[in-house]
Structure formats: C-alpha cells, structure tokens
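> Once you've had a glance at the structure underneath, I'll fire off some questions.
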Amino acid sequence: MPVDAIVTLVVGALIIAAAALGLFRAILHLRATSQSLAALDGGVQVIVAKTSTVAPVVASVNASLAPVRSFAESI
C-alpha cells in the first residue's frame with residue numbers, strides 16, 4: 001500500500017475521531033441542559049402550586065374593599 005494512501009487513511013481517521021469527540025461533548029452538554037431544564041420545570045410547578053390561590057384571594061379582597069372604593073370615588 002502506498003504511503004499516500006496510509007497518510008490519507010490516518011488523516012481521515014483523525015478527522016472522524018475529532019468529529020466524534022465533538023459530537024460526544026455536544027451530547028453531554030445537551031444532557032446537562034436537559035437535566036437543568038427538568039429541575040427548573042419542577043421549580044416552576046412548585047411556584048404554580050403555591051400561587052394558585054392568588055386569584056380567589058384577590059377577588060375576595062376586591063369584594064371587601066368595594067365600600068372603600070365607592071367612598072373614595074364619592075370624594
């Protein structure tokens with residue numbers, strides 16, 4: 001086998017190995033990002049659960065403050 005063919009095969013193998021390494025690192029970064037987003041989604045669900053009672057409370061407070069509003073508008 002000529003030397004040129006061997007050099008071409010070695011260079012090709014190095015290029016393929018570098019591309020595979022880059023793709024593997026991208027996979028690891030994407031996996032870490034996915035785990036971070038899953039944790040963030042869990043935190044958002046906790047916030048949603050804790051603030052789900054805000055709408056009924058706001059309506060109740062507005063109803064309690066109706067006399068104050070009517071008095072303020074009469075001034």
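> Output the 0 to 90 degree angle, nearest 10, between the alpha-carbon long axis of helix 54-64 and the longest principal axis computed from the alpha carbons of the chain.
Between helix and principal axis, roughly 20 degrees.
> Note down the nm distance, to one decimal, between modelled labels 7 Å out along Cα→Cβ at Ser36 and at Ala13.
3.7 nm
> Can you tell me the Rg and the Dmax, both Å, for the Cα atoms in the stretch 3-74?
So, for the stretch 3-74, Rg and Dmax equal 30.5, 99 Å respectively.
Every number here is computed from the coordinates shown, using simple stated rules; none is lab data. The structure displayed is predicted, hence computed values, not measured ones. Cβ atoms come from the backbone with ideal geometry, glycine included; neighbour counts cover every protein chain shown.
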